[in-house]
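The values are calculated or read from the model by the stated rules, or taken from the named source; none is laboratory data. Nothing here was measured: the structure is a model prediction, and the numbers come from that model. Cβ placement follows ideal geometry from the backbone for every residue including glycine, while neighbour counts extend to all protein chains displayed.
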Amino acid sequence: MSHIAYVNGRYLPQQAARVHIEDRGYQFADGVYEVMCIWNGYPVDLAGHMQRLNRSLKELQMASPASDGALTLILREVVRRNRLEMGTVYIQVNRGVAPRAHAFPSAKVRPSLVVTAKHGAGPSETVAQAGVKVITLPDIRWERVDIKSVGLLPNALAKQSASEAKAFEALLHVDGTVTEASSSNAWIVTPDKTIVTHPPTNAILAGITRATVLKIARKAGYSIEERPFTLTEALKAKEVFLTGTTTFVMPVVQIDERPVANGTPGTIALDLRQRYRAYMDGLTDAAWNA
Ligand code: PDD
């Protein structure tokens, strides 16, 4: 099935969709993005993604190309035109097209907005039930990874190393303190059954899935601490797991060459995965009302 993309006001077959060679997203990674899951045709956490997009734009002093309402209509139309039931939409906003110069172009330059769709949501259930391996790598990113910038080269390099090691993800750390993974947030369950994840500082991306899983976990009565944890703690943890739009809740069973606990998915991670799945299954058309 051919994909339809939205590019600056037009819906085009993806093969015909183009950006200008002087687009600042292309030249400077001067853009921000969101990836949102579409589940049974409904958006997962639309309001959260909109808020984070607006925050990223504000932090980079970038104008918004569309109101939340207008962007929602575009997203709905991309979902409809692609007959997207289970998948993701990708939204990119960048500072637009201008002759190459580092400083911002004139305020008259319109930001660019691109929305694309991809069929298929999340890794298979079989992968989740078996759990995944992660590798550990130094976090070599800049100090504002709270901004969801399209400048993802360190993340891409980390994921490539993971892929070469036949691992699902790379757990990133600064001097032994875990920040997050290359495209997901990292969590542990301590031996006393406390769920721990890094607080939403400028050292991590405040994941939308992370926020929803925190809410679900609190409601389920789990004890939770938002604090940094170390690689040593992760290696001694009862459970380790990841969360993200394309990951949901993913149990980790191996870190580098060491098993996590007994090397099987943790019960809390699997419980949270099931609860998160039930939350997505419960979405209705009201999910479009961000
Ligand atoms: N990545 N941390 C990083 C570095 C990420 O890139 C992502 C998401 C997350 C999880 O955030 P969320 O729960 O909002 O998806 C954490 C997306 C999926 C991507 O780049 O494709």
message: With the requirement that a residue be over 15 Å from the mean Cα position of the chain (by Cα) and within 14 Å of the ligand (Cβ to nearest atom), what does the range 39-53 give you?
response: 39
task: Answer with yes or no whether residue 128 is out of contact with any helix residue (DSSP H, G or I) (no Cβ under 8 Å at 6 or more places or on another chain) and either under 30 Å from residue 259 (Cβ atoms) or in a loop (DSSP other than H, G, I, E, B) (or both).
output: no
message: Looking at residue 176 and the list (1) closer than 21 Å to residue 154 by Cα; (2) crowded, with 16+ Cβ neighbours inside 10 Å, which single condition is not satisfied?
response: (2)
query: Quick one: which of 223, 182 is touching a residue at least 24 places away in the same chain (Cβ under 8 Å), of a type in the set (Gly, Ala, Ser), more than 15 Å from the ligand (Cβ to nearest atom) and in the same structural domain as residue 275 (by TED's automatic domain parsing)?
result: 223
task: Output the number of residues of the range 138-147 satisfying the condition of being out of contact with any Pro (no Cβ under 7 Å at 6 or more places or on another chain) and either crowded, with 20+ Cβ neighbours inside 10 Å or not assigned by TED's automatic domain parsing to the domain that holds residue 159 (or both).
output: 2
query: Quick check, is residue 210 within 15 Å of the ligand (Cβ to nearest atom), assigned to a loop (DSSP other than H, G, I, E, B) and surrounded by 14 or more Cβ atoms within 10 Å (Cβ to Cβ)?
result: no
task: Quick one: count up the residues across the range 12-29 that are surrounded by 15 or more Cβ atoms within 10 Å (Cβ to Cβ) and outside any loop (DSSP other than H, G, I, E, B).
output: 6
task: Looking only at the range 152-166, decide whether some residue is within 15 Å of the ligand (Cβ to nearest atom), over 24 Å from residue 54 (Cβ atoms) and either assigned to a loop (DSSP other than H, G, I, E, B) or touching a Pro at 6+ places or on another chain (Cβ under 6 Å) (or both).
output: no
- prompt: Just for the range 233-290: of the residues that are in a strand (DSSP E or B) and free of Cβ contacts under 8 Å to residues at least 24 places away in the same chain, which one is surrounded by the fewest Cβ atoms within 10 Å (Cβ to Cβ)?
  reply: 258
- request: Run residue 142 past the list (1) in contact with a Ser or Thr (Cβ under 9 Å, 6 or more places away or on another chain); (2) touching a residue at least 40 places away in the same chain (Cβ under 8 Å) and report the number of the one that doesn't hold.
  value: (2)
